[in-house]
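Let me begin by presenting the structure, written as structure tokens, before commenting on it.
The values are calculated or read from the model by the stated rules, or taken from the named source; none is laboratory data. Every value quoted in this text rests on a predicted model; they were computed, and no experiment measured them. Here Cβ is always computed from backbone atoms with ideal geometry, including for glycine, and neighbour counts include all displayed protein chains.
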């Protein structure tokens, strides 16, 4: 079946072991320019990404963009697990002929001082625009940090490093976030979830305003899959778009004309269509071990039959295994099929 949900084309398919969900062009729920001197947080019509490389008082990744989607309305939240098939985010440039498109990863050493013995020059013009997960500090979480929440609990003057409440992050296997905002001065590499790509444009060219830049998330990374799965389970996906392109002039910024990218926010005056969008294909899987004994067998069927018949559910597992809003014979049939070896098969 196909249903229109807040401007999003949503395709649902109930399958043998879960629910396939395909969402196209979901409009962003939250976008925020994470820049310490942003005087109008949450209502910017355009947001830029730039660096202040090794400048005291400023993060290397100085201006970042927070993007968020509240997915509970169209992807089952709280599923036992999610099989991610594809995740893509798209932004639209808001300036013309200002920055060099760079579709390749750049090593952090190319941003060291030219006098540094480890410095290696970048082989191509520009810096890539990168997508990372969002990390939090200062007591903030994805649930509590909104578009108009303060950048940090300290005043913007004098500028301070490492104080932003939301930051571009990489994650370890336990889900712990490492802030990459000062990675040049802290001298470590990082791998983004995706690099912004512009089909039809060659590296070194300058895009026009309104050009789509897409971030196809690399789902081969277990930590990336875990991060997105945690977000789906909470019903909140959050990402950070960032670039180490210096704000202006020399390797760390300074004088000169702007040469960094900027993107339309959903508050832009042209059209909501220029706001960030999410395309995602995922299979939401329920907890089939409904009696929580560590095995999947006939005892689970007996347990579920009792729950469907009005009995108690002391283990607290959601018995709506097919996510259709009802607990009934269809859930029992699904469980029997799974125990017999049935598998999901998305269309």
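Being in the same structural domain as residue 274 (by TED's automatic domain parsing), more than 18 Å from residue 124 (Cβ to Cβ) and part of a loop (DSSP other than H, G, I, E, B) is a property that residue 205 lacks.
Scanning segment 281-293 for residues that are modelled with pLDDT of 90 or more, assigned to a loop (DSSP other than H, G, I, E, B) and either at positive phi or surrounded by 13 or more Cβ atoms within 10 Å (Cβ to Cβ) (or both) yields 289, 290, 291, 292.
Evaluate segment 101-122: report whether one residue or more is under 22 Å from the mean Cα position of the chain (by Cα), surrounded by 19 or more Cβ atoms within 10 Å (Cβ to Cβ) and under 14 Å from residue 65 (Cα atoms). Checked against the condition, which is being under 22 Å from the mean Cα position of the chain (by Cα), surrounded by 19 or more Cβ atoms within 10 Å (Cβ to Cβ) and under 14 Å from residue 65 (Cα atoms), segment 101-122 yields no hits at all. Looking at the structure I just gave you, is residue 181 out of contact with any helix residue (DSSP H, G or I) (no Cβ under 9 Å at 6 or more places or on another chain), without any contact (Cβ under 8 Å) to a residue 40 or more places away in the chain and closer than 22 Å to residue 89 by Cβ? Here the answer is no, as residue 181 does not meet what is asked.
List the number of the failed condition for residue 199; all other conditions in (1) buried (at least 17 other Cβ atoms within 10 Å of the Cβ); (2) in a loop (DSSP other than H, G, I, E, B); (3) touching a strand residue (DSSP E or B) at 6+ places or on another chain (Cβ under 8 Å) hold. Among (1) buried (at least 17 other Cβ atoms within 10 Å of the Cβ); (2) in a loop (DSSP other than H, G, I, E, B); (3) touching a strand residue (DSSP E or B) at 6+ places or on another chain (Cβ under 8 Å), residue 199 violates only (1). The residue of segment 322-332 that is nearest to residue 81 (Cα to Cα), among those that are surrounded by 15 or more Cβ atoms within 10 Å (Cβ to Cβ) and out of contact with any strand residue (DSSP E or B) (no Cβ under 8 Å at 6 or more places or on another chain), is 331. Those strands (runs of 3 or more DSSP E) of segment 24-119 in which at least 2 residues are in contact with a helix residue (DSSP H, G or I) (Cβ under 8 Å, 6 or more places away or on another chain), in contact (Cβ under 8 Å) with a residue 40 or more places away in the chain and over 21 Å from residue 275 (Cβ atoms), considering only elements entirely within it, cover 81-92.
Output the number of the condition that residue 319 fails; it satisfies all remaining conditions of (1) surrounded by fewer than 16 Cβ atoms within 10 Å (Cβ to Cβ); (2) free of Cβ contacts under 8 Å to residues at least 40 places away in the same chain. Status for residue 319: all satisfied but (1).
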